[in-house]
């Protein structure tokens, strides 16, 4: 991908003890940026209680699972559907400002895992629809998309909006492609129902992100 990926937003959830999967290539963890990306890759792909481990430059690193979008990834390659779900999850975590902002993630359509199914109480707490994220980070030409969530006038003035900008267009390239500060292609407003279109193809593996208002 051409954009920098800074994973600094935390979804709701609790850590657990882990069962280690087979070690991964140490080169994938030889810089802080790579380790941060592996942290969120493992969190999105693996189930709670599973983890990836590797030793890089004499230090053992453990990357814990949580959401479980591709639990079989440690034994086989990701399927195309798993690639898109894990990509959506990773993109939903990105925070341009490297700030820790709690978010609520929910599958746009049928949730593939319980983690992405939320209740009415969750939506009352996390009531600001930031936007939705989708794409595929595992192809030769990775793609990252976002659409803007609908907000009230009051919600648009909430301070939390300034902390999460990856679904907001920041510049236009080639005269028509709108990019966010994170480098994601912003496809426009999020519309329900139906698949989201990005780059001429439809995506069903889409994750909505909701924010908790800071203004009181």
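The values are calculated or read from the model by the stated rules, or taken from the named source; none is laboratory data. Keep in mind that what you see is a predicted model, and the values were worked out from it rather than measured. Counting neighbours? That spans all protein chains shown, and the Cβs are built from the backbone with ideal geometry, glycine included.
If you check 198, 131 for being surrounded by 12 or more Cβ atoms within 10 Å (Cβ to Cβ), modelled with pLDDT under 95 and either under 30 Å from residue 78 (Cβ atoms) or in contact with a helix residue (DSSP H, G or I) (Cβ under 9 Å, 6 or more places away or on another chain) (or both), only one passes: 198. Selection of the stretch 189-204 for residues being out of contact with any strand residue (DSSP E or B) (no Cβ under 6 Å at 6 or more places or on another chain) and in a strand (DSSP E or B) yields 197, 201, 202.
Any residue in the stretch 165-179 that is under 21 Å from residue 43 (Cα atoms), touching a strand residue (DSSP E or B) at 6+ places or on another chain (Cβ under 7 Å) and buried (at least 17 other Cβ atoms within 10 Å of the Cβ)? Yes, there is a match, as at least one residue in the stretch 165-179 is under 21 Å from residue 43 (Cα atoms), touching a strand residue (DSSP E or B) at 6+ places or on another chain (Cβ under 7 Å) and buried (at least 17 other Cβ atoms within 10 Å of the Cβ).
Residues in the stretch 152-186 that are within 18 Å of residue 91 (Cα to Cα) and part of a loop (DSSP other than H, G, I, E, B): 9 in all.
Only one of the numbered conditions (1) at pLDDT below 95; (2) more than 15 Å from residue 214 (Cβ to Cβ) is violated by residue 105, and that is (1).
Kindly provide the set of residues from the stretch 109-128 that are buried (at least 20 other Cβ atoms within 10 Å of the Cβ) and outside any strand (DSSP E or B), ordered by number.
First pass over the stretch 109-128, keeping only residues buried (at least 20 other Cβ atoms within 10 Å of the Cβ): 115-116, 126, 128.
Those that are buried (at least 20 other Cβ atoms within 10 Å of the Cβ) and outside any strand (DSSP E or B): 115, 116, 126.
Would a scan of the stretch 205-212 turn up a residue that is out of contact with any helix residue (DSSP H, G or I) (no Cβ under 7 Å at 6 or more places or on another chain), assigned to a loop (DSSP other than H, G, I, E, B) and either within 30 Å of residue 73 (Cβ to Cβ) or modelled with pLDDT under 95 (or both)? No, the stretch 205-212 has no match at all. Screening the candidates 148, 191 for the property of being more than 25 Å from residue 66 (Cβ to Cβ) and surrounded by fewer than 18 Cβ atoms within 10 Å (Cβ to Cβ) yields one hit, 191. Of the conditions (1) closer than 18 Å to residue 187 by Cα; (2) free of Cβ contacts under 8 Å to residues at least 60 places away in the same chain; (3) surrounded by fewer than 23 Cβ atoms within 10 Å (Cβ to Cβ); (4) touching a helix residue (DSSP H, G or I) at 6+ places or on another chain (Cβ under 8 Å), residue 137 clears all except one; give me its number. For residue 137, the exception is condition (2).
Identify the single condition in (1) part of a strand (DSSP E or B); (2) under 15 Å from residue 40 (Cβ atoms); (3) in contact with a helix residue (DSSP H, G or I) (Cβ under 6 Å, 6 or more places away or on another chain) that residue 106 does not satisfy, given that it satisfies every other one. For residue 106, the failing item is (2).
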